[in-house]
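Some notes on the structure that comes next.
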Amino acid sequence: MRKIILSACILFSLSVQSQIKALTEDGKEVVLLDNKTWKFVNESDEKILETITTNEELFEKTKESTFLVKSKNVDGGFYYDPKKWKVVKAPENSTFVEYAFNNTSNSTVYALFGSEIMPIQTLKNLKDILLPIIQRNSDYFKLKKSEYRTVNGIKVLHLEYSANVKGLDFEYIANLYLTSGGYCSISTHTYANQFDANKNEMENFVNGIVKSEKAKTATVEGKEVPPPPMAPQKAK
C-alpha cells in the first residue's frame, strides 16, 4: 500500500526537536514535554482503540454548505460553505491531498480533503491501518472517539483524536468514506487551545462529505496552507 491518510498525516515542518521519550517503572512509554510535564505516549482507552461504536443519529450537511467539490480519484466529494471556508494551496509534499481550506473566521483552523485508489475492504480495516501510522508519528496520541455514522445517507467512519507533535498540541475531527475504487477523507484540525471555540464549525465542515461521481479535473488556488502534523510512512 503506497499511502494511508487521515488528511492530517503530513509532517509538520518546524525547526524544533522532537520530545524526549522514556519508560516508567512498569514499562509504559511517556513523553517528556518542554514545560517539564509528561504524558503517556498513548492515553487512548483500549476499548476505543479496539472497537467502533455506532451512532444512530443521522447527520447532514448544513443548508449553507452549497458548494460541491468532487474528488478526481474516487466517487466521493463534499459540500462546504464558501462564506466560512476559503480554498488554499495544498501542501506541495502531498500527492493525495486534493483540496486544502482555511477557516475565514479563525486562521488557525484548517481542513483537508484527500482520496486514494486502494482496495480497502472495510472501514474497520482502514482504521486498523491508519491509527498505527498516526501513533508512530506522534509524540503523544489519544483517540477520543471512533464510531460509524450515517452522513448525508452514506456510512462513514468518524474519528476524533488529540496529538502532540514536536511540542504542539492539536485536535482533529475526520470522516472517512469507502467508495467502490478506494476511499476519501475529510478532516479538520486546529491547535488544542482553539478547539472548543471552533468544534461546531469543524464538525459542520466534515459533515459535508457525500457520494458523488468523480470529477474530470481538479484545481486548487490560493495561498499554501501550513501543513498539519504527522507524516504517513509507506506501509510494508
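Couple of notes before you dig in:
- Remark: pairs (first residue in the stretch 149-165, under 20 Å from LEU178 (Cβ atoms) and modelled with pLDDT of 95 or more; second residue acidic (Asp, Glu) and assigned to a strand (DSSP E or B); Cβ separation under 7 Å; 6+ apart in sequence or on different chains) = HIS158/GLU147.
- Test: TYR99 is more than 15 Å from the chain's Cα centre (by Cα), within 17 Å of SER187 (Cβ to Cβ) and either of a type in the set (Phe, Trp, Tyr) or assigned to a helix (DSSP H, G or I) (or both): no
- Those residues of the stretch 149-163 which are over 13 Å from SER187 (Cβ atoms) and under 14 Å from the mean Cα position of the chain (by Cα), in sequence order: SER162
- For the stretch 128-171, a tally of residues being within 18 Å of GLU60 (Cα to Cα) and of a type in the set (Ser, Thr, Tyr) returns 2.
- Scanning the stretch 128-141 for residues that are surrounded by 19 or more Cβ atoms within 10 Å (Cβ to Cβ) and of a type in the set (D, E, K, R) returns a single hit, ASP139.
- Qualifying strands (runs of 3 or more DSSP E) (wholly inside the stretch 117-202; at least 3 residues being under 27 Å from VAL87 (Cβ atoms)): 154-165, 168-178, 182-191
- Test: LYS199 is surrounded by fewer than 22 Cβ atoms within 10 Å (Cβ to Cβ), closer than 19 Å to LEU58 by Cα and either in contact (Cβ under 8 Å) with a residue 12 or more places away in the chain or in contact with a strand residue (DSSP E or B) (Cβ under 7 Å, 6 or more places away or on another chain) (or both): yes
- Counted residues, the stretch 72-119 - those being β-branched (Val, Ile, Thr) and without any contact (Cβ under 8 Å) to a residue 60 or more places away in the chain: 1
- Selection count where residues are more than 27 Å from ALA192 (Cα to Cα) and loosely packed, with under 13 Cβ neighbours inside 10 Å, scope the stretch 103-116: 0
- Taken together, the criteria place SER13 among residues that are modelled with pLDDT under 80, assigned to a loop (DSSP other than H, G, I, E, B) and not hydrophobic (A, V, I, L, M, F, W, C).
- Some residue of the stretch 38-58 being part of a strand (DSSP E or B), polar (S, T, N, Q), farther than 20 Å from GLU147 by Cα and at pLDDT 95 or above: no
The values are calculated or read from the model by the stated rules, or taken from the named source; none is laboratory data. Just so you know, these numbers come straight off a predicted model, no measurement behind them. Ideal geometry is used to build each Cβ from the backbone, glycine not excepted, and the neighbour counts take in all protein chains shown.
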